[in-house]
1. Conditions first: (1) at pLDDT 80 or above; (2) within 14 Å of the chain's Cα centre (by Cα). THR59 passes all but one, so which condition is the exception?
2. Might you let me know whether the stretch 91-102 holds any residue that is part of a loop (DSSP other than H, G, I, E, B) and at pLDDT 85 or above?
3. So TYR70 fits all but one of (1) surrounded by fewer than 14 Cβ atoms within 10 Å (Cβ to Cβ); (2) assigned to a loop (DSSP other than H, G, I, E, B); (3) not basic (Lys, Arg); what number is the exception?
4. Test of understanding: among SER64, SER51, which residue is surrounded by 14 or more Cβ atoms within 10 Å (Cβ to Cβ), modelled with pLDDT of 80 or more and assigned to a strand (DSSP E or B)?
5. Taking the stated definitions as given, is SER43 modelled with pLDDT under 85, over 20 Å from GLN102 (Cα atoms) and in contact with a helix residue (DSSP H, G or I) (Cβ under 6 Å, 6 or more places away or on another chain)?
6. Can you pull out every residue in the stretch 73-108 that is exposed (fewer than 14 other Cβ atoms within 10 Å of the Cβ) and among the polar types (S, T, N, Q)?
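The values are calculated or read from the model by the stated rules, or taken from the named source; none is laboratory data. Only a predicted model underlies this, so the values are computations on that prediction, with no experimental measurement involved. As a convention, Cβ positions derive from the backbone with ideal geometry for all residues, glycine included, and neighbour counts pool all protein chains shown.
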Amino acid sequence: MLVRKVSENDKEVLFRYFQGLSPETLKRFGTHPFDEHIAYLISGGNYQNCSAICLDDDTVVAYSVVKSGYVGADVVRYANYPISIDCENDYTLAPSVADAYQSKGVEV
């Protein structure tokens, strides 16, 4: 497996990854929708710090966004918890894993 930044050549493999996620997996990830338009924007470099874990055949098995600050919905969601929010110094980490690879662990 290879962890790397999403590149402009990844639109199709990223969209296939998005399409293969179950509704249960999709509801756990709220950073952005998983659709063809977003796959195009991400692969075109319009989103920074998106990474994918890929197999040798470029099949995406996991995808993550690392973003400075919070996405809008998170500010509201975190307000319900007894934690302080620092939108200028905190980061959003939003990983997702293909259903077939969830709860499998990582072998090095």
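1. (2)
2. yes
3. (1)
4. SER64
5. Criteria met by SER43.
6. ASN80, SER84, ASN89, GLN102, SER103
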